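Asker: I'd like to ask you about the structure that follows.
What follows draws every value from the coordinates through simple rules; no lab data is involved. Just so you know, these numbers come straight off a predicted model, no measurement behind them. In this analysis, Cβ positions are derived from the backbone assuming ideal geometry, glycine residues included, and neighbour counts consider all displayed protein chains.
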C-alpha cells in the first residue's frame, strides 16, 4: 500500500542522522581552514568562530592536540564549564600549525583576513583566536587595526601546556567565551584575555613567561572576568576595527620597516646599512625622555628623513611613556607605543601614504 507524504515525512523524522553527520562534518572545507561545529547544530545558539593557530593552549607533554580536543577535555575535567560551553556553537578554522615565534607578516595578514571572513558568518557572535604567547600581542594589534567589525575579537593563549599542573590555558579559553558573549564587549576592538583580565590589543604586552604576564601598564586593563559576570571599566579611545582606515584585502605585502635601538656609543653605520637594504621606514627605540636617539645617530636619521623615509621615535621605557608631538625635528612622534607595535602601525600607514604629516596624523589617531 502506498504511504502518504505525511507518513513518509514522519517516518524520516524518527531517523537519527547525527551519527552519519559526524563522518562528514570534518571534511567540510571553509575557505582555507577546516571548519566544523564541536557540539550539535542548534540554530538557537550563538556561534563563536575559533581561528586556531597552534600554541601552548593546544599542546601537551605528549605533543599537539586539536582545539576540539582541548574543549572536550575542559568539558570532561571541569563540569562547571559545561553550561557555558554548551550554550554556544563553536565553528573551528584550523588555520596554522607553527610556533608563533616563527610567524611572518604572511601569517599575521592571513589571520586578519580569516577573522574578517568568518566574523560575518550567520549567527556569529564573535571570534576567538588561539595562539602561542610569543607573538600574541602582535596578532592582537594587527586585528585591532584590520578587522572590519564591531563584534568581539578575543585572542587567548596559555603559558603552560594543556594537562599540566597549573595550566592556565583552559581557564583563559573559558573566559574568552564569556567575553565574546558579553554585550559590553561589542565595539571594544581586539582584546587579549588572560588571567581573568581583558587587555586592549593596542597596549597589551607580554612581560614574562608566567601566567598573568600580559599587561597594559599604568593604563590598566579594560575589564575583568569573574564567576558571575564580565565587567568592563574602560574602553579604547583611539581608532580601531570598524573605524580603521586600513584594509587587509588591499595589502599583499607589508613595507620594510626596521627597529634600531638607542644606547651610548650607538654606531650610526647601522642606520646607513638599513637604508642600503631598502628600508622604507625606521622605528627608533629611543631614550625614555622624548624617544630621542643617541647624538651620533641623529645626523644619519635626519639625512634619511630628508629623503622621505619616515623616522618614528618611541621610548625604550615602554608604553608607560608618551613621546610628545613637537615641531622641533623632522621625525614622527610615536606616542606611547612600544617599538614593535609602532613598527606595525608604521607598516600600516605606509600602505596608505608616505607623507610624514599624514603618518603623524595616523600615530595621533591610532
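Asker: Rank the residues 162, 340, 101 as a footprinting-exposure proxy: fewest other Cβ atoms within 10 Å of their Cβ go first. Don't skip to the answer; put the middle values down first.
Answerer: Working: 162 23, 340 16, 101 9.
Ascending number of Cβ neighbours within 10 Å: 101, 340, 162.
Asker: In degrees between 0 and 90, to the nearest 10, how far off the longest principal axis of the chain does helix 295-306 point, with axes built from Cα atoms?
Answerer: In the chain, helix 295-306 runs at an angle near 70 degrees to the longest axis.
Asker: Rank these for me by crowding, 241, 81, 288, going from fewest to most other beta carbons within 10 Å.
Answerer: Details: 241 21, 81 18, 288 15.
Least crowded to most crowded, the residues run 288, 81, 241.
Asker: Still on this model: Could you list 88, 338, 209, 129 so that the one with the fewest beta carbons within 10 Å of its beta carbon is first and the one with the most is last? Don't skip to the answer; put the middle values down first.
Answerer: On the way: 88 21, 338 24, 209 10, 129 28.
Fewest-to-most Cβ neighbours within 10 Å comes out as 209, 88, 338, 129.
Asker: Just to be sure I understand, if you calculate Cα extents along the principal axes in Å for this structure, which of (1) 96, 44, 38; (2) 71, 55, 37; (3) 60, 47, 42 do you get?
Answerer: (1)
Asker: When the chain is fully extended, how far beyond the present Cα-Cα distance does residue 324 get from residue 210, taking 0.36 nm per residue of separation? Don't skip to the end; give the middle numbers.
Answerer: Details: separation 114, 0.36 × 114 = 41.04 nm, distance 3.29 nm.
Stretched fully, the residue 324-residue 210 segment lengthens by 37.8 nm.
Asker: Label point 7 Å out from residue 226 along Cα-to-Cβ: which residues of the stretch 174-189 have amide N under 18 Å?
Answerer: 175-176, 178-179, 182-185
Asker: Show me, bin by bin at 10 Å from 0, the whole-percent P(r) of the stretch 255-365 based on Cα pairs.
Answerer: All Cα pairs, binned at 10 Å, distribute as 17, 54, 28, 1 percent.
Asker: Which of the three applies to the stretch 63-212, rounded, prolate or oblate, going by the alpha-carbon gyration tensor with a ≥ b ≥ c and a/c under 1.5 meaning rounded? Please report the intermediate quantities before stating the final value.
Answerer: On the way: a/c = 1.40, a/b = 1.12, b/c = 1.25.
Rounded, because the longest to shortest axis ratio a/c is under 1.5.
Asker: Here's another thing I want to ask about it. Extending each Cα 7 Å along its Cβ direction at residue 353 and residue 218, get the distance between those two points in nm, one decimal.
Answerer: 3.0
Asker: Assign one of three labels to the stretch 211-298, namely rounded, prolate or oblate, based on the Cα gyration tensor with a ≥ b ≥ c the square roots of its eigenvalues; rounded applies when a/c is under 1.5, prolate when it is not and a/b is larger than b/c, and oblate otherwise.
Answerer: Numbers: a/c = 3.15, a/b = 1.66, b/c = 1.90.
Oblate, since a/c reaches 1.5 and b/c is not below a/b.
Asker: Round to the nearest 10 and give me the degree value, 0 to 90, for the angle of helix 105-118's Cα axis relative to the longest principal axis of the chain.
Answerer: The angle comes out at about 40 degrees.
Asker: Could you check which residue among 145, 346, 304 shows the biggest mean-square fluctuation in a GNM of the chain with a 10 Å Cα cutoff?
Answerer: With Cα springs under 10 Å in the chain, the top fluctuation among 145, 346, 304 is at 304.
Asker: Using a Gaussian network model of the chain whose springs link C-alpha atoms within less than 10 Å, name the residue from 164, 133, 53 with the highest mean-square fluctuation.
Answerer: Per the Cα network of the chain with a 10 Å cutoff, 164 tops the list.
Asker: Where a ≥ b ≥ c are the square roots of the eigenvalues of the C-alpha gyration tensor, would you call the stretch 322-366 rounded, which needs a/c under 1.5, or, failing that, prolate if a/b is larger than b/c, or oblate? Working shown, then result.
Answerer: Working: a/c = 1.90, a/b = 1.12, b/c = 1.70.
Oblate.
Asker: Given Cα pairs under 8 Å that are at least 6 residues apart, what percent is the relative contact order of the stretch 16-243? Mind showing how you got there, number by number?
Answerer: Values: 467 pairs, mean separation 43.6, N = 228.
Relative contact order of the stretch 16-243: 19 percent.
Asker: Relative to the longest principal axis of the C-alpha atoms of the chain, give the angle of the C-alpha long axis of helix 136-146, reported between 0 and 90° and rounded to the nearest 10°.
Answerer: 90
Asker: Choose one answer from 227, 261, 136: the residue with the largest mean-square fluctuation in a GNM of the chain with alpha-carbon springs under 10 Å.
Answerer: For the chain, modelled as a Gaussian network with Cα springs under 10 Å, the answer is 227.
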